[in-house]
Amino acid sequence: MRPHRVPAAPRTAACALAALTLLSGCGAAGELRSAGDAPSAVEPKSLWPDLPPASAAPYDYGEGETARIPGIRVTGGDVRTLDPVAVAQAGLKARTDRDSGLDELPDGTVRQIEACRTAPDDCPVLPPYYRDLTGDGRDELVLGIRMPDRQLAVRVYMPDQGGLTRIMSTYDAVISVELADRDLIMRAPSVIPGYEYRTAWSWDDRQRAMLPTRDEILRTPEHRKAPKPPKPSAATPESATPSTGTR
(Lines give C-alpha, C1' and ligand atoms only; values in the text may rest on other atoms or scores of the structure.)
Protein backbone atom coordinates (compact mmCIF):
# COMPACT_ATOMS: atom_id res chain seq x y z
CA MET A 1 0.00 0.00 0.00
CA ARG A 2 1.32 3.42 -0.96
CA PRO A 3 1.96 5.95 1.83
CA HIS A 4 -0.73 8.59 2.30
CA ARG A 5 0.32 11.96 0.94
CA VAL A 6 -1.28 15.36 1.62
CA PRO A 7 -2.30 17.29 -1.56
CA ALA A 8 0.23 19.94 -2.60
CA ALA A 9 -1.90 23.09 -2.13
CA PRO A 10 -3.13 22.39 1.41
CA ARG A 11 0.36 21.22 2.38
CA THR A 12 1.92 24.50 1.16
CA ALA A 13 -0.68 26.57 3.00
CA ALA A 14 -0.17 24.57 6.18
CA CYS A 15 3.61 25.03 5.99
CA ALA A 16 3.24 28.78 5.52
CA LEU A 17 0.90 29.05 8.50
CA ALA A 18 3.26 26.99 10.66
CA ALA A 19 6.23 29.18 9.70
CA LEU A 20 4.28 32.36 10.52
CA THR A 21 3.27 30.95 13.91
CA LEU A 22 6.85 30.03 14.78
CA LEU A 23 8.19 33.43 13.78
CA SER A 24 5.59 35.36 15.73
CA GLY A 25 5.74 33.22 18.87
CA CYS A 26 9.37 32.22 19.08
CA GLY A 27 10.61 32.08 22.64
CA ALA A 28 7.23 32.75 24.25
CA ALA A 29 6.19 30.38 26.99
CA GLY A 30 3.50 27.89 25.97
CA GLU A 31 3.89 28.48 22.23
CA LEU A 32 4.31 25.70 19.69
CA ARG A 33 7.88 24.85 18.76
CA SER A 34 9.15 22.94 15.78
CA ALA A 35 10.40 19.42 16.43
CA GLY A 36 12.32 19.37 13.19
CA ASP A 37 11.62 17.68 9.87
CA ALA A 38 9.62 14.46 9.98
CA PRO A 39 11.23 11.43 8.29
CA SER A 40 9.90 10.62 4.84
CA ALA A 41 7.62 7.61 4.49
CA VAL A 42 9.25 4.70 2.66
CA GLU A 43 7.30 2.16 0.65
CA PRO A 44 7.82 -1.56 1.41
CA LYS A 45 10.42 -3.25 -0.77
CA SER A 46 9.45 -6.63 -2.20
CA LEU A 47 12.18 -9.27 -1.94
CA TRP A 48 12.45 -12.04 -4.55
CA PRO A 49 9.31 -10.92 -6.38
CA ASP A 50 9.56 -13.78 -8.90
CA LEU A 51 8.99 -16.48 -6.28
CA PRO A 52 5.62 -18.22 -6.74
CA PRO A 53 3.18 -17.66 -3.84
CA ALA A 54 2.50 -20.51 -1.44
CA SER A 55 -0.67 -22.45 -2.11
CA ALA A 56 -1.19 -23.94 1.38
CA ALA A 57 -0.59 -22.79 4.94
CA PRO A 58 2.38 -24.51 6.63
CA TYR A 59 0.80 -24.43 10.10
CA ASP A 60 -2.71 -24.90 11.42
CA TYR A 61 -3.77 -22.95 14.49
CA GLY A 62 -7.28 -24.34 14.27
CA GLU A 63 -8.32 -20.91 13.07
CA GLY A 64 -11.74 -20.63 11.54
CA GLU A 65 -12.77 -24.10 12.72
CA THR A 66 -16.27 -24.26 14.20
CA ALA A 67 -18.58 -26.99 15.48
CA ARG A 68 -22.23 -27.22 16.45
CA ILE A 69 -22.54 -28.78 19.91
CA PRO A 70 -25.17 -31.53 19.79
CA GLY A 71 -27.91 -31.76 22.40
CA ILE A 72 -27.30 -28.32 23.95
CA ARG A 73 -30.10 -25.75 24.00
CA VAL A 74 -29.45 -22.18 25.13
CA THR A 75 -32.55 -20.71 26.79
CA GLY A 76 -32.94 -17.06 25.81
CA GLY A 77 -29.44 -17.03 24.37
CA ASP A 78 -27.97 -16.93 27.89
CA VAL A 79 -24.91 -19.18 28.14
CA ARG A 80 -24.77 -18.57 31.90
CA THR A 81 -27.63 -21.04 32.28
CA LEU A 82 -25.50 -23.87 30.86
CA ASP A 83 -23.67 -26.53 32.86
CA PRO A 84 -20.01 -26.29 31.71
CA VAL A 85 -19.45 -30.01 32.34
CA ALA A 86 -22.45 -30.87 30.18
CA VAL A 87 -21.09 -28.61 27.44
CA ALA A 88 -17.65 -30.26 27.60
CA GLN A 89 -19.21 -33.74 27.51
CA ALA A 90 -21.48 -32.88 24.57
CA GLY A 91 -18.51 -31.34 22.78
CA LEU A 92 -16.83 -34.75 22.68
CA LYS A 93 -19.46 -35.77 20.11
CA ALA A 94 -19.28 -32.57 18.04
CA ARG A 95 -18.24 -32.67 14.40
CA THR A 96 -16.14 -29.77 13.16
CA ASP A 97 -16.62 -28.07 9.81
CA ARG A 98 -13.00 -28.96 9.01
CA ASP A 99 -10.38 -31.10 10.71
CA SER A 100 -7.36 -29.36 12.22
CA GLY A 101 -6.99 -31.93 14.99
CA LEU A 102 -6.96 -29.15 17.60
CA ASP A 103 -10.44 -30.04 18.84
CA GLU A 104 -9.25 -33.52 19.84
CA LEU A 105 -8.32 -34.35 23.43
CA PRO A 106 -6.07 -37.13 24.78
CA ASP A 107 -7.86 -40.36 25.62
CA GLY A 108 -7.13 -39.94 29.33
CA THR A 109 -8.63 -36.44 29.35
CA VAL A 110 -11.71 -37.70 27.49
CA ARG A 111 -12.24 -40.38 30.12
CA GLN A 112 -11.90 -37.82 32.90
CA ILE A 113 -14.50 -35.55 31.27
CA GLU A 114 -16.90 -38.45 30.87
CA ALA A 115 -16.45 -39.31 34.58
CA CYS A 116 -16.86 -35.73 35.89
CA ARG A 117 -20.15 -36.63 37.63
CA THR A 118 -18.80 -39.66 39.45
CA ALA A 119 -15.22 -38.45 40.01
CA PRO A 120 -15.47 -34.64 40.34
CA ASP A 121 -12.06 -34.32 41.98
CA ASP A 122 -10.43 -35.53 38.77
CA CYS A 123 -12.66 -33.48 36.44
CA PRO A 124 -10.39 -31.45 34.11
CA VAL A 125 -13.09 -28.88 33.23
CA LEU A 126 -12.16 -25.56 34.84
CA PRO A 127 -14.67 -22.94 36.06
CA PRO A 128 -16.15 -20.97 33.15
CA TYR A 129 -15.77 -17.33 32.21
CA TYR A 130 -18.23 -15.18 30.32
CA ARG A 131 -17.58 -12.27 27.96
CA ASP A 132 -19.20 -10.76 24.89
CA LEU A 133 -16.42 -11.55 22.42
CA THR A 134 -18.50 -11.22 19.24
CA GLY A 135 -19.94 -7.77 19.93
CA ASP A 136 -23.57 -8.89 19.53
CA GLY A 137 -24.52 -7.96 23.10
CA ARG A 138 -24.61 -11.56 24.36
CA ASP A 139 -21.97 -13.33 26.39
CA GLU A 140 -19.91 -16.20 25.04
CA LEU A 141 -18.85 -19.13 27.22
CA VAL A 142 -15.08 -19.61 27.69
CA LEU A 143 -13.98 -23.02 28.94
CA GLY A 144 -10.58 -24.35 29.91
CA ILE A 145 -9.77 -28.08 30.05
CA ARG A 146 -6.62 -29.25 31.80
CA MET A 147 -4.46 -31.65 29.81
CA PRO A 148 -1.27 -33.62 30.57
CA ASP A 149 2.12 -31.87 30.71
CA ARG A 150 0.53 -28.63 31.97
CA GLN A 151 -1.20 -28.01 28.66
CA LEU A 152 -4.56 -26.31 28.51
CA ALA A 153 -7.32 -26.62 25.92
CA VAL A 154 -9.22 -23.34 25.51
CA ARG A 155 -12.65 -23.31 23.89
CA VAL A 156 -15.15 -20.54 23.22
CA TYR A 157 -18.86 -21.19 22.65
CA MET A 158 -21.39 -18.80 21.12
CA PRO A 159 -25.19 -18.95 21.54
CA ASP A 160 -26.50 -19.47 18.03
CA GLN A 161 -30.15 -19.81 16.96
CA GLY A 162 -31.19 -21.47 20.20
CA GLY A 163 -28.21 -23.81 20.23
CA LEU A 164 -24.47 -23.61 20.88
CA THR A 165 -21.61 -23.28 18.40
CA ARG A 166 -17.94 -23.63 19.27
CA ILE A 167 -16.13 -20.73 17.61
CA MET A 168 -12.62 -21.36 18.94
CA SER A 169 -10.67 -24.45 19.95
CA THR A 170 -6.94 -24.61 20.58
CA TYR A 171 -4.46 -25.85 23.15
CA ASP A 172 -1.00 -24.93 24.36
CA ALA A 173 1.35 -25.10 27.35
CA VAL A 174 0.15 -21.75 28.59
CA ILE A 175 1.62 -19.28 31.06
CA SER A 176 -1.67 -17.42 31.29
CA VAL A 177 -5.00 -16.82 29.55
CA GLU A 178 -6.54 -13.35 29.66
CA LEU A 179 -9.68 -11.56 28.51
CA ALA A 180 -8.98 -8.03 27.28
CA ASP A 181 -12.00 -6.19 25.88
CA ARG A 182 -13.15 -8.52 23.05
CA ASP A 183 -9.84 -10.40 22.72
CA LEU A 184 -8.78 -13.66 24.30
CA ILE A 185 -5.03 -13.59 24.88
CA MET A 186 -2.88 -16.67 25.45
CA ARG A 187 0.72 -16.49 26.67
CA ALA A 188 3.01 -19.47 26.19
CA PRO A 189 6.70 -20.15 27.00
CA SER A 190 9.36 -19.64 24.36
CA VAL A 191 12.50 -21.70 23.85
CA ILE A 192 14.41 -18.41 24.20
CA PRO A 193 15.05 -17.67 27.88
CA GLY A 194 13.37 -14.45 28.99
CA TYR A 195 10.82 -14.43 26.16
CA GLU A 196 7.27 -15.67 25.68
CA TYR A 197 4.71 -16.02 22.93
CA ARG A 198 1.56 -13.89 22.99
CA THR A 199 -1.37 -14.77 20.74
CA ALA A 200 -4.53 -12.67 20.65
CA TRP A 201 -7.70 -14.33 19.32
CA SER A 202 -10.45 -12.04 18.01
CA TRP A 203 -13.89 -12.53 16.51
CA ASP A 204 -14.07 -12.30 12.71
CA ASP A 205 -17.52 -11.52 11.26
CA ARG A 206 -16.67 -12.90 7.83
CA GLN A 207 -15.40 -16.25 9.08
CA ARG A 208 -17.90 -16.40 11.98
CA ALA A 209 -15.12 -17.65 14.23
CA MET A 210 -12.31 -16.50 16.51
CA LEU A 211 -9.04 -15.99 14.62
CA PRO A 212 -5.46 -15.50 15.91
CA THR A 213 -5.21 -11.88 14.81
CA ARG A 214 -1.88 -11.11 16.56
CA ASP A 215 0.97 -13.54 17.21
CA GLU A 216 4.07 -12.09 18.87
CA ILE A 217 7.19 -13.03 20.77
CA LEU A 218 7.89 -10.64 23.63
CA ARG A 219 10.23 -10.22 26.56
CA THR A 220 8.92 -11.80 29.73
CA PRO A 221 7.90 -9.12 32.25
CA GLU A 222 10.28 -8.74 35.17
CA HIS A 223 7.59 -9.65 37.69
CA ARG A 224 6.94 -12.99 35.98
CA LYS A 225 10.15 -14.84 35.16
CA ALA A 226 8.68 -18.33 35.35
CA PRO A 227 5.18 -19.77 34.85
CA LYS A 228 3.17 -20.41 37.97
CA PRO A 229 2.11 -24.04 38.58
CA PRO A 230 -1.56 -24.74 37.82
CA LYS A 231 -4.06 -25.11 40.62
CA PRO A 232 -4.70 -28.79 41.40
CA SER A 233 -8.46 -28.48 41.84
CA ALA A 234 -11.03 -27.99 39.12
CA ALA A 235 -14.68 -27.07 39.69
CA THR A 236 -15.11 -26.53 43.43
CA PRO A 237 -17.49 -24.00 45.06
CA GLU A 238 -14.57 -21.72 45.90
CA SER A 239 -13.14 -21.84 42.35
CA ALA A 240 -16.47 -21.03 40.74
CA THR A 241 -15.91 -17.31 41.29
CA PRO A 242 -14.37 -16.67 37.83
CA SER A 243 -17.86 -16.97 36.32
CA THR A 244 -18.84 -13.71 38.04
CA GLY A 245 -17.32 -10.28 37.82
CA THR A 246 -15.30 -10.99 34.66
CA ARG A 247 -17.13 -8.54 32.46
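Per-residue packing, averaged as other Cβ atoms within 10 Å, sorts the ranges 45-51, 66-72 into the order 66-72, 45-51, beginning with the highest. Once the C-beta distance of residue 107 and residue 222 is scaled by a Förster radius of 41 Å, the resulting FRET efficiency is 0.55 to the nearest 0.05.
Derived from the Cα gyration tensor, the three semi-axes of the equivalent ellipsoid of the stretch 42-198 are 31, 20, 17 Å, largest first.
Annotation for residue 178 and residue 207: the two label points, set 7 Å from Cα along the Cα-Cβ direction, are 2.2 nm apart.
Rolling a 1.4 Å probe over the protein heavy atoms gives the stretch 97-144 an accessible area of 49 Å² per residue. Full extension of the chain between residue 97 and residue 121 yields a length gain of 5.3 nm, computed as 0.36 nm times the residue separation minus the alpha carbon distance. Between amide H atoms placed 1.01 Å from N, distances below 5 Å from residue 195 occur with 190, 220, all of them 5 or more places distant or on a separate chain. Sorted largest first by accessible area at a 1.4 angstrom probe radius, with every protein chain in place, the residues 191, 177 fall in the order 191, 177. Using the average count of surrounding beta-carbon atoms within 10 Å as a protection proxy, the listed peptides 208-217, 33-42 rank, highest first, as 208-217, 33-42. Taking the radius of gyration and the Kirkwood hydrodynamic radius from Cα positions alone, what is the Rg/Rh ratio for the stretch 155-216, to two decimal places? My calculation of the ratio gives 1.04.
The values are calculated or read from the model by the stated rules, or taken from the named source; none is laboratory data. Computed from a prediction, not measured in an experiment: that's the story for all the values here. Glycine also receives a Cβ, built like all others from the backbone with ideal geometry; neighbour counts cover every protein chain displayed. Remember, those area values only see protein heavy atoms, side chains included, never the ligands or the DNA or RNA. Shrake-Rupley method; radii C 1.70, N 1.55, O 1.52, S 1.80 Å.
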